[in-house]
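Below you'll find the structure, written out as C-alpha cells, and then a few comments.
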Amino acid sequence: MRSRRLTALASSLLAGAVVLAACGSSGGGGSSNSAAIANPTGKLSGAPIKIGMYAPTNNAVFNTPDYVAAARAAVRGVNTRGGVNGRPLELVYCNPEFDPNKAAACARQLVSDGVIATVKSIAPQGGAQTVQIFEQAGIPQVGLGALVPAEYQASTSYLLDGGLNYPYAAALIGAQKEGKKKVYLVTTDNAPSGPFLAAMSGAAAKLGMQVVGQQKLPPTTADYAPLIAAIQRSGADSAMIALTEQGAVQTLRAADQSGLHLSWLMNSGNLKPNDYKEFSEDITKGIIHGSSVIPTSYADKNPQVKAMKADLDAEIAAGDKDAEPGKMFGTALLAWPSVNAIATLLKSAKTIDAAGLRAQLDAAKNLELGVVPPWTPSASVDKVNTRVSAPEVYLVKVKDGVPVLAYPDPVDVSKVLN
C-alpha cells in the first residue's frame, strides 16, 4: 500500500508554481505583499491556506536562503498536485536577519497575517521570545529549527529532527562504526557550547570513545592552523567540527594543507555540496555527516526523494538559484517534509486552521513522509527537551563530490544522548 501511494505521488509531479507572500523586505514586521496566485492546473480555488516561515537571509553572520528555497519548492509541489482538497497553500516569509527584535517582530507579523502554522523556521537570535509568541497564539511550528530550551519544550513545537545535538551524536556513531576511538571536539564559543560539549562527551563515553581534546573557537577566528596543530598533537583519529559553514571550510582547508587526514564529524548544515570542491579526496572521504533527511542522490531508489528532487528542480526552473543541488543538503531539506506533513494532515482535518492542524499532529502515528523516518509528532524521546520526537538520523558520506547514504537505515541517537 505504501509503495503504491508513494509511486502515485511521484508520478503526479508537474512543473508548478508557488504562492508566496513577503513579510516586509527586511523582516522587520512590515505589511505582507502577496504575489499573484499561480494555478498551473486551473483547478485550485478558495482562499489560500497560509503557512509562515522565518529564517535569516541577507546578513553578515548566518544565512539560510536554502531553507527558504526548499520551502518554496515544497509549496510549489503541493499546489501542482492539487493543493489541500483543491485549495492552494501560500507561503508567507519573514526575514529575521540576525536580530532578536526582528525575529519577534516576524513572529507577531505572521500571527497577524493569519498563518495556521510555520515550517522549518529558525531564529539564531531571539528564539525563546519568538516561540513564546507562537505558543500563546496556539500556532504549531512544524520542523522548527530549535536552538534554545524554550523551543525544545514549547507545546506548539513539532520537531522533525533532534535539534543541535542529534546529528553530531549520529556522526559519532558513524565514527565508532568505522573503528575510531579518539575524538577531538570543536565548537563555536557561544552560550550553547558548554552543554553541547558535555552532551558530546557523554555520547562518546557511551560509545567507548575517548575525548582527547576540545576547543571553543571565537566566531571571529581567522587562523585555523593552531587548531589543526592541537588536533595533531592530541593523537585523535576523528574530530567533530561544530562550526559555521565558513568555519568548517577553513578548518578542512587548514587540515588539507597540513596533511591531517582523519574522520571529520559534522551535521548536514556544516557544508554544502559545492564546498567539497575545496578539498582533496583524502579530506572528503573522511567526512561523516549526520542528516535527518535522505540526500537527493537517493532519488532513483526512493519515490518520495524523487518527488522532493522534482519539486526542487521545478523551483530551479522558476529561477531560484538557492534550490540548486550544490547549495541544497540536509537540514535545509527538512522544509520539504514539513510542508508535506501539513498538507497531508490538513486534508483530513475537521477545521482548516491552527487548532485543526494541531489536533491532527497530536493524533498522527508513524506518519510516512518518505524522506525522513516515520514520524509520530507527539512522541517524546528526550526527558529534558520534551518536544524531540524524531531520534533517528541518517549517516551520510561523500562520494565523487556528492552526499550519499553510508547505510540504508538511520541510527537511533537517543540511545547515546539519554
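FYI, it's all coordinate maths here, none of it is from the lab. Remember, predicted model here, so these are calculated numbers, not experimental data. Please note: Cβ atoms are built from the backbone with ideal geometry, for glycine as well, and neighbour counts cover all protein chains shown.
A few remarks follow.
- Of T64, T118, T220, the one that fluctuates the most in a GNM where the chain has Cα springs shorter than 10 Å: T220
- Distant-in-sequence amide contacts of L160, defined by a placed amide H-H separation under 5 Å and a gap of 5 or more residues or a different chain, comprise G143, L144.
- Amide H contacts of V293 (H built 1.01 Å from N, in plane; Pro and chain starts excluded): Y394 sit under 5 Å, all sequence-distant by 5 or more or on other chains.
- Average silhouette area of the range 38-92, convex hull of alpha-carbon atoms, in square nanometres: 3.9 nm²
- Subtracting the Cα-Cα distance of T244 and S155 from their residue separation scaled by 0.36 nm leaves 29.1 nm.
- Karplus-derived 3J(HN,Hα), 6.51/-1.76/1.60, for each residue of the range 326-342, Hz, glycine and proline x: x, 10, 10, 6, x, 3, 4, 5, 4, 4, 5, x, 4, 5, 5, 5, 4
- Taking other Cβ atoms within 10 Å as a rough exposure proxy, W375, W264, W336 sort from fewest to most as W375, W264, W336.
- The distance between label points at S45 and R108 comes to 4.0 nm (points 7 Å beyond Cα on the Cα→Cβ vector).
- If R0 equals 22 Å, the separation of the Cβ atoms of Q129 and S348 corresponds to a calculated FRET efficiency of about 0.05.
- Within the chain, the longest segment free of exposed loop sites, counting GluC sites (Glu not before Pro) that fall outside DSSP classes H, G, I, E and B and have at most 16 other Cβ atoms within 10 Å, spans 179-367.
- Looking at the chain, the DSSP beta bridges with both ends there are about 30 percent antiparallel.
- Cα-based Rg of the range 185-268 normalised by 2.2 N^0.38 Å, two decimals: 1.03
- Cα-based helix-to-principal-axis angle, 65-80 vs the chain, degrees rounded to 10: 40 degrees
- C-alpha long axis of helix 127-137 to longest principal axis of the chain, angle in °: 30 degrees
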